[in-house]
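Structure, as structure tokens:
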Amino acid sequence: MITGEIKGQIDRIWNAIWSKGMSNPLEIVEQLTYLLFIKRLDDQQTSALERSMLLEEPVEGNPFPLGNDEQGRDYDELRWTRLKNMHPDDAFDVVANRVFPFIRDMGGDESTYAQHMKDARLTIPSAGLLSQVIDLLDAVPMDNLDTKGDVYEYLLSEISAAGKNGQFRTPRHIIQLMVEMLAPEPGDTIVDPASGTCGFLVAATEYMRSHHADAINSGKGRDHFHRQMFHGFDFDNTMLRIGSMNMLLHGVEQPDVRYRDSLAESNTGDADAYSMVLANPPFAGSLDYENTAKDLQRMVKTKKTELLFVALFLRLLKPGGRAAVIVPDGVLFGSSNAHRELRRMLVEDQKLDAVVKLPTNAFKPYTGVSTAILFFTKTNSGGTENVWFYEVTADGMSLDDKRTPLLADEKLGALAVLTDEEHGKNNLPDVLKRWKSRESAERDRARTDQSFCVPKADIAGQGYDLSLNRYKEIVHEEIEHRSPTEILDELDQLEEEITDGMAELREMLAGGVE
């Protein structure tokens, strides 16, 4: 977690750009992404030169060629360490007319970062502002991996407007809960078919470093982690650039983050390819039904993207693969044939593990849509015995547009240690704790509790309705019933007391007049 001082530095960068007329948050983050990429190239160049001197071998892995370009200009001028010391006008000219063309043409670099920079362009409007941003960004300490990632995550938190096609950022604490519940393993291949800023994939990298550091730091495990474990697809080039940089700054060398319309017929070649899906797909938006994959239409004949995405997750998962995905409440109880058939498939043909109901307004300020998290395992042979339900009533943040923390930072998220009173403001640690007992102690919980299990037969009997309220029982207060005779005797006594009281009052008033 970054300090208040670093947050202040990032806020100053943001405010400097914002005050000069750049009011689109995505554009600001995109421009800062380019600058961070340029800064990263300088770090790579320094490492390559130092390694060459130490080993007394030719320079390798250097992004900038040594020497001059065809016009006789020194490639060293493209480096961050040179740019930050140039006159603002000179730096602006070099960045706009040499650095950006250079990074656009880095096609020889196999990294996804270089691929997504191919249409990069500078939109910071003036030399003075660019120089100011370079100075402010250079002063932010990003020497270690954790700080780099946290700085970028804080930048992304400034994106406060929903994007096109229903895109918006999933709250980090909700992502953390989902990753902790699925608990990735070193051999997993993880996909997010609507990856956006790659928040789910980043959280999975953090989980792996925290729980499986030895397995991913050497040999085949390291290669798998950096080149085969993480896959993210999106059809918004800005999001791809931002997501790729997010993965880079969290230490993943070659993630598979690429342009793809995940629902399209042209992208059907990776069925049964992944062991884990983590996603928050679009709830709305335009859909080219004619070009939607025919196998998904056969599974669920619908134009609703949220249903097609759940079908897509089933296709992408290999048998035994697991998913944690956010869906709007309508998926749980919608009455159309497509809604019912999709739920029937999850319960009867696969293994539906859990439905975690999130608080209404959990996705404010982007949307007030009520949502839930579905957890399921692809089996192609059934396996659902009981479905675990949990009703989250508080996630640690206020449920208004401001979404301000209700507890101290260390009390937020799914891993916090809380008192019973604090649980009322943040249910997420309890969700994680009870999830681990869903096959044992949770089976004995009453349906009046915050979490409980429902047998498959009960769900089938309700037409595969998965709304929590369909199964939750309400506790009614017991009312004391008294006989009519008792009540009449009490009323007689009350009448007698009132009569005596009135008589005393009249005597007091009469005495006062005398």
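None of the figures in this text is laboratory data; all of them are computed from the coordinates on show. If you're wondering where the values come from, they're calculated on a predicted model, not measured in any experiment. Please note: Cβ atoms are built from the backbone with ideal geometry, for glycine as well, and neighbour counts cover all protein chains shown.
Here the label points at residue 348 and residue 457, each 7 Å from Cα along the C-beta direction, are separated by 1.7 nm in the simple model.
Among the listed options (1) -0.37, -0.59; (2) -0.46, -0.72; (3) -0.26, -0.48, the one matching log10 I(q)/I(0) by the Debye sum over Cα atoms at q = 0.06, 0.08 Å⁻¹ as calculated from these coordinates is (1).
How high is the relative contact order of region 162-470, in percent, with contacts defined as C-alpha pairs under 8 Å that are six or more residues apart? 15 percent. A straight line joining the Cα centroids of region 14-43 and region 379-418 runs 33 Å. If I fit a long axis through the Cα atoms of helix 484-513 and take the longest principal axis of the Cα atoms of the chain, what angle between them do I get, 0 to 90°, rounded to 10? That helix lies at roughly 80 degrees to the long axis. Treating region 4-150 as a set of equal point scatterers at the Cα positions, no solvent, please give the Debye-formula log₁₀ I(q)/I(0) at q = 0.12, 0.20 Å⁻¹. Calculated log10 I(q)/I(0) at the listed q: -0.53, -1.42. Given their separation in residues at 0.36 nm each and the Cα-Cα distance between them, residue 472 and residue 213 gain 89.1 nm when the chain is fully extended.
May I ask you to derive the FRET efficiency for residue 224 and residue 89 from their Cβ-Cβ distance with R0 = 51 Å, giving the value to the nearest 0.05?
After rounding to 0.05, the efficiency reads 0.60.
Against the chain, whose longest principal axis is taken from its Cα atoms, helix 25-55 shows a tilt of about 50°. Taking 7 Å steps out from each Cα toward its Cβ at residue 235 and residue 437 produces label points 4.6 nm apart. Fewest neighbouring Cβ atoms within 10 Å first, the residues 102, 200, 235 line up as 235, 102, 200. Excluding same-chain neighbours fewer than eight residues apart, the lysines reachable from residue 402 by a Cα-Cα span under 20 Å are 7, 364, 411, 425.
The C-alpha atoms of the chain define a longest principal axis, and helix 199-211 lies at about 90 degrees to it. Taking only the Cα atoms of region 299-440, the radius of gyration and Dmax are 16.5, 47 Å. Using the rule -39500 (n - 2.57) for each DSSP H run of four or more residues, divided by the residues of the chain, the 222 nm mean residue ellipticity is -13000 deg cm²/dmol.
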